[in-house]
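Q: Quick one: the structure is below, and I'll ask about it shortly.
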């Protein structure tokens with residue numbers, strides 16, 4: 001596995017829905033796999049637009065994790081928020 005390979009199930013996700021956006025973030029050392037079910041339920045039952053970013057360095061290799069910083073993780077969330085802001089009038093953030 002090279003430094004840019006994402007583990008199966010650790011891919012970011014996006015579900016297009018209404019004008020209410022929900023960012024669902026996984027926790028430190030976790031992956032989107034741990035929050036995908038929540039994202040799916042919010043999109044399917046609530047009709048929300050849902051994004052689940054993969055935080056930099058997560059879901060790849062231990063070396064990628066060691067080379068990432070808290071600032072990188074914050075940037076991952078901010079990028080996802082900007083994606084939602086372009087599509088949604090109201091935003092919520094949740095996660096583990």
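Q: Of the conditions (1) in contact with a helix residue (DSSP H, G or I) (Cβ under 9 Å, 6 or more places away or on another chain); (2) within 20 Å of residue 5 (Cβ to Cβ); (3) in contact (Cβ under 8 Å) with a residue 60 or more places away in the chain, residue 21 fails just one. Which one is it?
A: Single failed check for residue 21: (2).
Q: If you don't mind, there's one more thing I want to ask. Can you tell me which residue within the range 13-33, out of those that are surrounded by fewer than 17 Cβ atoms within 10 Å (Cβ to Cβ) and under 21 Å from residue 67 (Cα atoms), is nearest to the chain's Cα centre (by Cα)?
A: Within the range 13-33, the match that is nearest to the chain's Cα centre (by Cα) is 27.
Q: Now for a different question. Could you grab me the full set of residues in the range 34-69 that are assigned to a helix (DSSP H, G or I) and either within 25 Å of residue 86 (Cα to Cα) or touching a helix residue (DSSP H, G or I) at 6+ places or on another chain (Cβ under 9 Å) (or both)?
A: Kept after step one, since they are assigned to a helix (DSSP H, G or I), are these residues of the range 34-69: 34, 36-46, 62-66.
Within the range 34-69, 36, 37, 38, 39, 40, 41, 42, 43, 44, 45, 46 qualify.
Q: Report the residue count in the range 34-66 for those that are under 14 Å from residue 95 (Cβ atoms), touching a residue at least 40 places away in the same chain (Cβ under 8 Å) and over 8 Å from the mean Cα position of the chain (by Cα).
A: 4
Read-outs: derived from the displayed coordinates by stated rules, not from any lab. These numbers were taken from a predicted model, which means no experiment stands behind them. Cβ sites come from the backbone with ideal geometry, for glycine too, and all protein chains shown count toward neighbours.
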